[in-house]
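Here's the structure, in structure tokens; my notes come after.
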Amino acid sequence: IPYTFLRPAYFMQNFTTTLQYELVNKKRIYLPAGNAKFTLVDVRDIGLVSAFVLTNISAHINKSYELTCKEKLTFGEIATMLSDILKTDIEYKSPNLISFFLTKRKEKTPTMFIFVMIMLHYFPRFQKEPNSTDWIEKITNRKPTSFEQFINDNKKALTE
């Protein structure tokens, strides 16, 4: 069966969806990620790559593409970037797993969602640093969206 796999990194849009409430209302990122580095990707870039792949299917048959921006960032570095660009203090707090679980349950977050958050943010601490790739640029002839650009494009969603 012919295939093309698009394997995106951590969505930048997590900051305007899943993590937004905490960012806007508590001025913090509260995740058990420690100092793990993450590669990020803007879903707009994923959509653009998808369009290129779908309009030239034969060039992408039986290929797999890891989609990332150029940066590798910790959540501490992400909090600093958010603070600088949004002109507000955003704190990054990396709790232990028990504290994270209990805090999220107290906030009435569903247990299964807490487990997903742990899987996405805690386990990368024990993996090797992820690679950034240039597939977005190679496929689209356009540089991937940087996290700085994402913040600037989404200031309203990140502050209200």
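Do you know which of the residues in region 1-41 that are over 19 Å from M119 (Cβ atoms) and without any contact (Cβ under 8 Å) to a residue 40 or more places away in the chain is surrounded by the fewest Cβ atoms within 10 Å (Cβ to Cβ)? Among residues in region 1-41 that are over 19 Å from M119 (Cβ atoms) and without any contact (Cβ under 8 Å) to a residue 40 or more places away in the chain, the one surrounded by the fewest Cβ atoms within 10 Å (Cβ to Cβ) is I1. Picking from residues in region 117-138 that are under 15 Å from the mean Cα position of the chain (by Cα) and of a type in the set (A, V, I, L, M), the one that is surrounded by the fewest Cβ atoms within 10 Å (Cβ to Cβ) is M119. Restricting region 14-71 to residues that are charged (D, E, K, R) and assigned to a helix (DSSP H, G or I), the residue that is nearest to T140 (Cα to Cα) is D45. Regarding I114, is this residue touching a Leu at 6+ places or on another chain (Cβ under 6 Å) and surrounded by 10 or more Cβ atoms within 10 Å (Cβ to Cβ)? When the stated conditions are applied, I114 does not pass them. Might you check whether a residue that is surrounded by 18 or more Cβ atoms within 10 Å (Cβ to Cβ), basic (K, R) and closer than 22 Å to A36 by Cβ occurs anywhere in region 97-106? So far as region 97-106 goes, yes, one or more of its residues are surrounded by 18 or more Cβ atoms within 10 Å (Cβ to Cβ), basic (K, R) and closer than 22 Å to A36 by Cβ.
Taking every residue in region 124-137 that is assigned to a helix (DSSP H, G or I) and pairing it with any residue that is β-branched (V, I, T), at least 6 positions away or on another chain, the pairs with Cβ-Cβ distances below 7 Å are I136/V49. The number of residues in region 62-106 being closer than 19 Å to K26 by Cβ and either modelled with pLDDT under 95 or among the aliphatic types (A, V, I, L, M) (or both) comes to 8.
If you go through region 67-80 and keep only what is buried (at least 18 other Cβ atoms within 10 Å of the Cβ) and either free of Cβ contacts under 8 Å to residues at least 60 places away in the same chain or touching a Lys or Arg at 6+ places or on another chain (Cβ under 6 Å) (or both), you end up with F75, A79.
The values are calculated or read from the model by the stated rules, or taken from the named source; none is laboratory data. Computed from a predicted structure; not experimentally measured. No Cβ is skipped: glycine too gets one built from the backbone with ideal geometry, and neighbour counts run over all protein chains shown.
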